[in-house]
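See structure below.
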Amino acid sequence: MHGDTLPDLKSLQATHGYGVQIKFTTSDVGPAVELNKRGARAVIALAGAQLLSWQPEGQDDAIWLSPDAKPAPGKSLRGGAPVCWPWFGADPEKRGRPAHGFVRGTPWQVLRTKPTPSDVSITFAFQVTEEHHDLWPHPARAELTFKLSRDQLSLDLETLNTGTAPFVLGQALHTYFAVGSIAATEVTGLDGCTYIDTLQNWTRHTQQGPVRFDGEVDRIYLDTPDCIEIVDSANARRIAITARGSRSAVVWNPWIAKSERLGDMGPDGYRRMVCVETANAADDVVTLGPGEAHTLGATYRIRTS
Ligand code: TA6
């Protein structure tokens, strides 16, 4: 898939659709694919292969999407799970390239779909080509697989270095989770971790206890454990995040002033979301040699006990 054209939904349905389990459709925010499995549902925008919604069986949506989300070429929708690749955050080379890389909001190719008795999956691909050379001169391919089962959703982002020189890869699954009230939300599992506080001049600190929110939080946690949990007390549920190929995680809530600057968080949107991003960021970026591959993965599961 090259250029900015999105594929024809009819041909995608004919090639990759599968009854109610895999349906290509139009959504309020552009062409998307809907996955359904044993009472669970996920919706993914074709632009940027951006997760928009995930409802495990019997649960309300666990993904937050701004009511003001508007599609724009090369930009992600506010909310869902934008893919930050092949760098996280501001342009590491300070050349004025877009923050969080250049694959958000651009069409990814649908590579394959696969229903099984217990789950349904779809794989998207992004091929770096000559047209991206000014942005990123390294031949590479990214493949993002979503796998939905009754009570879990997995995202696995594999990067292959198809060139002849090594490159440094930074990335994140920049997921906006829905919570009942940010003031009654904690993130656990990070106690004792070092974090870089981007709001305190990128200085390093040690996390004491759960992460709580009474203002803007924008931190990159390092040497993170496999499992982090969002304790959503207002909804009497926890969202368990199990990471793969990652030892860093970003925790972000824009709060009031930043939400106003962003302008697309919707009225008081910050109260009902928290980003916990499974990443390879800061000290945790990955160097890929020619022909080498790395997978960044996350599995989400709701716990109510
Ligand atoms: O992951 C946190 C962060 O880097 C914040 O600093 C904020 O900029 C957020 O990402 C959203 O970035 P975006 O480019 O989507 O507005």
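Each reported figure results from applying straightforward, stated rules to the coordinates on display, with no laboratory input. As the structure is a computational prediction, the values presented were derived from the model and not from experiment. Heads up, the Cβs are rebuilt from the backbone with ideal geometry, glycines too, and the neighbour counts pull from every protein chain shown.
Against the condition crowded, with 16+ Cβ neighbours inside 10 Å, within 30 Å of Glu57 (Cβ to Cβ) and of a type in the set (A, V, I, L, M), how does Ala243 come out, does it pass?
yes
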Original post:
Which pairs have Cβ atoms under 6 Å, sit 6 or more apart or on different chains, and link a residue in the stretch 237-250 that is farther than 16 Å from Val274 by Cα to one that is among the charged types (D, E, K, R) and within 16 Å of the ligand (Cβ to nearest atom)?
Top reply: Arg247/Asp284; Ser248/Asp284
Original post:
Which members of the stretch 170-185 meet the condition of being part of a strand (DSSP E or B) and within 16 Å of the ligand (Cβ to nearest atom)?
Top reply: Gln171, Ala172, Leu173, Tyr176, Phe177
Original post:
Taking into account only those residues within the stretch 18-38 that are surrounded by fewer than 20 Cβ atoms within 10 Å (Cβ to Cβ) and small (Gly, Ala, Ser), which is farthest from the chain's Cα centre (by Cα)?
Top reply: Gly19
Subject >> Members of the stretch 223-239 found to be within 15 Å of Val211 (Cα to Cα), hydrophobic (A, V, I, L, M, F, W, C) and surrounded by fewer than 22 Cβ atoms within 10 Å (Cβ to Cβ), listed by number >> reply: Cys227, Val231
**OP:** Please report, ordered by residue number, the strands (runs of 3 or more DSSP E) entirely within the stretch 39-157 with at least 1 residues that are among the acidic types (Asp, Glu), within 13 Å of the ligand (Cβ to nearest atom) and under 19 Å from the mean Cα position of the chain (by Cα).
**Re:** none
Original post:
Does any residue of the stretch 260-282 turn out to be surrounded by 15 or more Cβ atoms within 10 Å (Cβ to Cβ), touching a residue at least 12 places away in the same chain (Cβ under 8 Å), closer than 18 Å to Gly180 by Cβ and hydroxyl-bearing (Ser, Thr, Tyr)?
Top reply: yes
